[in-house]
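A short worksheet on the structure shown next.
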Amino acid sequence: MIDLLAARGVAVHEASIARDQLYCADEVFLTGTAAEVTPVREIDRRQVGKGGPGPVTRFVQDDYAKLVRGEGERSGDFCDRVVDASARSESRT
């Protein structure tokens with residue numbers, strides 16, 4: 001995520017923050033292998049930003065989706081090609 005954001009010119013700073021700092025955020029998203037990029041709509045029943053994904057969340061979702069599907073410019077930096085071994089063995093018979 002840090003690389004994707006930096007490529008778009010978004011400054012990234014890693015730091016521990018207090019929970020109440022999230023309450024006044026314009027956008028919050030979570031990332032993970034299965035979750036990919038998931039916008040956070042509310043924290044402790046308090047709406048985050050406008051209550052939906054903001055522009056940064058949207059472009060990170062799009063960029064990440066392209067990256068993991070091998071469609072992004074830098075996909076080769078992050079993804080390894082996996083070859084179906086059964087397809088290879090069928091071609092040998």
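Taken over the range 52-93, the residue count meeting the criterion of being open to solvent by 70 Å² or more (accessible area, probe 1.4 Å) and at pLDDT 85 or above is 4. Here the helices (runs of 4 or more DSSP H) wholly within the range 1-69 that include at least 2 residues being farther than 25 Å from ARG81 by Cα are 19-23, 55-68.
Tell me, yes or no, whether the range 26-39 has at least one residue that is at pLDDT 90 or above and among the small types (Gly, Ala, Ser). For the range 26-39, residues at pLDDT 90 or above and among the small types (Gly, Ala, Ser): absent. Within the range 1-51, the residues that satisfy the criterion of being touching a residue at least 12 places away in the same chain (Cβ under 8 Å), within 16 Å of the chain's Cα centre (by Cα) and open to solvent by less than 40 Å² (accessible area, probe 1.4 Å) are LEU4, LEU5, VAL28, VAL37, PRO39, VAL40.
The values are calculated or read from the model by the stated rules, or taken from the named source; none is laboratory data. This structure is a prediction, so every number in the text was calculated from the model and none was measured. When we count neighbours, we look across all protein chains shown, and the Cβ atoms used for this are built from the backbone with ideal geometry, even at glycine. The area values use the complete protein model at the heavy-atom level, side chains included, leaving out ligands, DNA and RNA. Shrake-Rupley method; radii C 1.70, N 1.55, O 1.52, S 1.80 Å.
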